[in-house]
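Taking it in order: structure first as structure tokens, then the write-up.
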């Protein structure tokens with residue numbers, strides 16, 4: 001690094017909540033520091049924030065990978081998938097689901113597909129209760 005005019009003066013380990021090393025924060029300075037304690041305190045101040053940023057980036061990467069895997073599965077049309085809200089509005093569906101139910105993309109885009117209207121009237125309250133139970137039991141990003 002000296003060829004760029006920087007001197008790696010201080011380094012601080014970045015750890016996750018369990019104490020595992022997940023990165024390193026290095027202080028690069030153009031000249032020797034007169035106040036070494038100040039440099040050290042600055043690095044120690046920023047290290048936990050850098051660790052959080054690293055964890056967030058990793059989490060976002062994992063979520064992106066899971067999202068891509070789910071979309072590949074949905075796009076394969078091996079199984080009919082539907083995404084609905086708790087009010088019964090169908091927000092998205094793959095082609096297999098549309099073929100199974102007799103709807104098309106135009107029906108989906110117009111909002112004409114509603115879950116309660118696809119369930120026998122005597123089952124609507126049970127379906128809503130089951131969806132609500134599932135919603136409250138599951139954590140974000142996890143299906144139970």
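The values are calculated or read from the model by the stated rules, or taken from the named source; none is laboratory data. These numbers were taken from a predicted model, which means no experiment stands behind them. All Cβ positions, glycine included, derive from the backbone under ideal geometry; neighbour counts span all protein chains shown.
What to note about this one:
- Among (1) surrounded by fewer than 12 Cβ atoms within 10 Å (Cβ to Cβ); (2) modelled with pLDDT of 85 or more, the one test that residue 113 misses: (1)
- Hey, residue 73 more than 30 Å from residue 18 (Cβ to Cβ), in a helix (DSSP H, G or I) and within 18 Å of the chain's Cα centre (by Cα) or not: yes
- Of the listed requirements (1) over 23 Å from the mean Cα position of the chain (by Cα); (2) under 30 Å from residue 128 (Cβ atoms); (3) at pLDDT below 85, residue 25 misses just one: (2).
- Residues that are over 21 Å from the mean Cα position of the chain (by Cα) and either assigned to a strand (DSSP E or B) or modelled with pLDDT of 85 or more (or both), drawn from the range 81-93: 89, 90
- Subset of the range 51-93 (residues that are within 19 Å of residue 117 (Cα to Cα) and either free of Cβ contacts under 8 Å to residues at least 24 places away in the same chain or surrounded by 14 or more Cβ atoms within 10 Å (Cβ to Cβ) (or both)): 80, 81, 82, 83, 84, 85, 87, 88, 90, 91, 92, 93
- Selected residue (criterion: farthest from residue 77 (Cα to Cα)) from residues of the range 105-124 that are in a loop (DSSP other than H, G, I, E, B) and either over 29 Å from the mean Cα position of the chain (by Cα) or touching a residue at least 60 places away in the same chain (Cβ under 8 Å) (or both): 120
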